[in-house]
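Reviewing the structure listed below.
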C-alpha cells in the first residue's frame, strides 16, 4: 500500500471519529437540555379513585430527577416532548331538548351550580356544545321547524327552541367565552321529505327534496346566529346507517358523498357560509373507513369536508372498540380531522348511577381516541333526569350529571370526574405529545398546552395500586396510582 493511500485512509478515519464525537455531543447536549428543563421541577398530581373521597383532588407534588435506565420489571410511561401531533380542539357535551327540560326544573341556585361545574372557571372546562337540528329521541316528542309539506320553507321557525334550549345554550356560552365550538346534527328531515313519510324508523331523503334539505341547514345556521349563537359547523346526518325507532335517516356512503358535493357544500358556499365546518359520517367506528374512503377520495366532495365524526356504539355487542380504524384514517387522510361526536352509557338503571365501569369506558375511549389522532371529544346529553330521560321513545341512558327533578338534587357521577381529568387541564390549541406505556395495565395520553405545561392523563383499571416511573426525556419521577383510578399530572 502506498504512503498516499495510508494518508487518505487515516484522514477518513479521523473524519468519521470526529463525526461520531459530534453526534454524541449533540445527543448529550439534547439530554442535558431535557434534564435541565425538568430536573428538580415540581409536578402536580390530581386523582379520582374508586372507594375513596378523591374526586379531581390534588393528591401530591413530586420533583423530577435524572433518569435511570428502567428495568423490564418496572412499569413506566415514556413521554417525548419533541414529538407532537394533532392540535386539541376541546371537549364538551350535547345540550339536547331533554337536557333543557331537566335544566328548566332546577332552581336558580342549582342551575348556576350546574353551569359553573361544566363551563365555569372552577369547573371542568367544557368548550364544545352539540345540539340537534329540530328533534331527536332525547326530548318530549318529534317536531320540525316547518309545517308539513312546506318544501319552500316559508314557515321555517325556531320558536320552539327559544323556549328552553336556546336560553340554556346562551347561558353556557356566556361562561365559555373563548374557544367555543358549537355544532349541530339532524336526526331526520321532515317526514314529507322522506321515502317512508315518517321521521322515525329510518327511510331516505327523497331526491326531489335534496336542495330543500340543504336550504334547511342554511336557515338553521342563520336563525341561531341571529340569536347570538355562533355556529362552528354541522354534521350531515346523525347515525346515517341506523334504522332507529326514533328520528333517523339512511344515507349510503355514495349518497352522503353526493349530497355533500352537489347540494350541501355548494349551498353553504353560495350563502356565504363556506367557513362552517362540515363533518361527515357521525356514526360508529366499525364502518368509518368505508365512509372516509368514499368521501375523502372524491376531490369535489372532500373539499367541503372538514373531517369525520364518530360514535362508540360498535361495542354494543360486546366487541372491542375499533381504534385501529381511526389510526388508519389518520394515516390515510392526514389533512382531515377526526371528532368524537357522541357516546353515552346505555341501559339506564338508578342503582348504577355511581357504577365505576361507566367512567372507565369514558377514560379508555378518550385516551385511545386521542392517541389515534382525534382532535375533540363530545359527550351526549350533559344532563338527564332521575330516569335517564326524558326520551319520547323510552331510550333512556346515563349522563355525567343527573338531576332528581323531585328534589332538585344534582348527582355527579364518576364519569363527570373522569372527563374532567382531560377537559379541566388540557386547553384548546394544545398539541398531543408522544406517550407510551410499558404495560397494558395502565393507559395514558399527554398534551402540551400553549403555555408550555404538559398534561399527562393516566388510568388504572386494575384492582391494585400500580407504581410507575414517569420518564420525560432525560428526567424521571416515581408515582403511584390507586386501584380503579384516574390521574392527571401537570408539569
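One residue stands out in segment 258-275 among those that are under 23 Å from residue 291 (Cα atoms) and exposed (fewer than 14 other Cβ atoms within 10 Å of the Cβ): the one that is nearest to the chain's Cα centre (by Cα), namely 275. Of the candidates 450, 443, the single residue that is in a loop (DSSP other than H, G, I, E, B), at pLDDT 95 or above and closer than 23 Å to residue 85 by Cβ is 450. Just give me the residues in segment 286-333 being more than 27 Å from residue 398 (Cα to Cα) and in contact with a strand residue (DSSP E or B) (Cβ under 7 Å, 6 or more places away or on another chain), in sequence order. Within segment 286-333, 291, 292, 295, 304, 305, 306, 307, 329, 330 meet the criteria. Tallying residues that are over 22 Å from residue 139 (Cα atoms) and loosely packed, with under 15 Cβ neighbours inside 10 Å within segment 197-210 yields 2.
In summary, residue 272 fulfils each of the numbered conditions (1) farther than 17 Å from residue 186 by Cβ; (2) in contact (Cβ under 8 Å) with a residue 40 or more places away in the chain; (3) outside any helix (DSSP H, G or I) with the single exception of condition (2). Among residues of segment 245-268 that are without any contact (Cβ under 8 Å) to a residue 12 or more places away in the chain, none has a Cβ under 8 angstrom from a residue that is part of a helix (DSSP H, G or I) and crowded, with 23+ Cβ neighbours inside 10 Å at a sequence gap of 6+ or on a separate chain. Residue selection: residue 220 satisfies the criterion of being modelled with pLDDT of 95 or more, closer than 20 Å to residue 275 by Cα and either assigned to a helix (DSSP H, G or I) or assigned by TED's automatic domain parsing to the domain that holds residue 284 (or both).
When you go through 240, 230 one by one, which is the residue that is closer than 30 Å to residue 173 by Cα, surrounded by fewer than 16 Cβ atoms within 10 Å (Cβ to Cβ) and in contact (Cβ under 8 Å) with a residue 40 or more places away in the chain?
Just one listed residue meets the conditions, 230.
Among the residues here, residue 257 does not qualify as in contact with a strand residue (DSSP E or B) (Cβ under 9 Å, 6 or more places away or on another chain), more than 25 Å from residue 219 (Cα to Cα) and either assigned by TED's automatic domain parsing to the domain that holds residue 213 or assigned to a strand (DSSP E or B) (or both). Would you call residue 441 over 25 Å from residue 90 (Cα atoms), in contact (Cβ under 8 Å) with a residue 24 or more places away in the chain and not assigned by TED's automatic domain parsing to the domain that holds residue 247? Yes.
For residue 209, state whether it is assigned by TED's automatic domain parsing to the domain that holds residue 188, in contact with a helix residue (DSSP H, G or I) (Cβ under 9 Å, 6 or more places away or on another chain) and part of a helix (DSSP H, G or I). Yes: the conditions hold for residue 209.
Within segment 424-432, not a single residue is in a helix (DSSP H, G or I) and in contact (Cβ under 8 Å) with a residue 12 or more places away in the chain.
Summed over segment 453-465, the residues that are surrounded by 16 or more Cβ atoms within 10 Å (Cβ to Cβ), out of contact with any helix residue (DSSP H, G or I) (no Cβ under 6 Å at 6 or more places or on another chain) and not in a strand (DSSP E or B) give a count of 1.
Anything in segment 22-61 that is at pLDDT below 95, part of a strand (DSSP E or B) and under 31 Å from the mean Cα position of the chain (by Cα)? List them, or say none.
The one that is at pLDDT below 95, part of a strand (DSSP E or B) and under 31 Å from the mean Cα position of the chain (by Cα): 42.
Quick check: is even one residue across segment 367-376 closer than 17 Å to residue 95 by Cα and modelled with pLDDT of 95 or more? Yes, that holds for at least one residue. In the set (1) within 26 Å of the chain's Cα centre (by Cα); (2) outside any strand (DSSP E or B), residue 185 fails one condition alone, (2). Check residue 100 against each of (1) within 30 Å of residue 229 (Cβ to Cβ); (2) in contact with a helix residue (DSSP H, G or I) (Cβ under 7 Å, 6 or more places away or on another chain); (3) surrounded by fewer than 13 Cβ atoms within 10 Å (Cβ to Cβ) and name the one condition it does not meet. Result: residue 100 fails condition (3) only. When segment 336-359 is filtered for residues that are touching a helix residue (DSSP H, G or I) at 6+ places or on another chain (Cβ under 7 Å), assigned to a loop (DSSP other than H, G, I, E, B) and closer than 29 Å to residue 293 by Cβ, the ones remaining, listed by number, are 336, 343. Among the residues of this structure, residue 338 counts as one that is in the same structural domain as residue 182 (by TED's automatic domain parsing), over 24 Å from residue 171 (Cα atoms), free of Cβ contacts under 8 Å to residues at least 40 places away in the same chain and within 20 Å of the chain's Cα centre (by Cα). Considering segment 156-182, and only residues there that are assigned to a helix (DSSP H, G or I) and surrounded by 20 or more Cβ atoms within 10 Å (Cβ to Cβ), the residue that is farthest from the chain's Cα centre (by Cα) turns out to be 161.
So for segment 66-78 (the condition being within 17 Å of residue 413 (Cα to Cα), touching a residue at least 24 places away in the same chain (Cβ under 8 Å) and assigned by TED's automatic domain parsing to the domain that holds residue 469), does at least one residue qualify? No, every residue in segment 66-78 fails to be within 17 Å of residue 413 (Cα to Cα), touching a residue at least 24 places away in the same chain (Cβ under 8 Å) and assigned by TED's automatic domain parsing to the domain that holds residue 469. You will find that of 400, 414, the residue that is surrounded by 22 or more Cβ atoms within 10 Å (Cβ to Cβ), touching a helix residue (DSSP H, G or I) at 6+ places or on another chain (Cβ under 6 Å) and closer than 17 Å to residue 127 by Cβ is 400 and no other.
The values are calculated or read from the model by the stated rules, or taken from the named source; none is laboratory data. Since the structure is predicted, the reported quantities are computational estimates derived from the model, not experimental observations. Methodologically, a virtual Cβ is constructed for each residue, glycine included, from the backbone with ideal geometry; neighbour enumeration extends over all protein chains shown.
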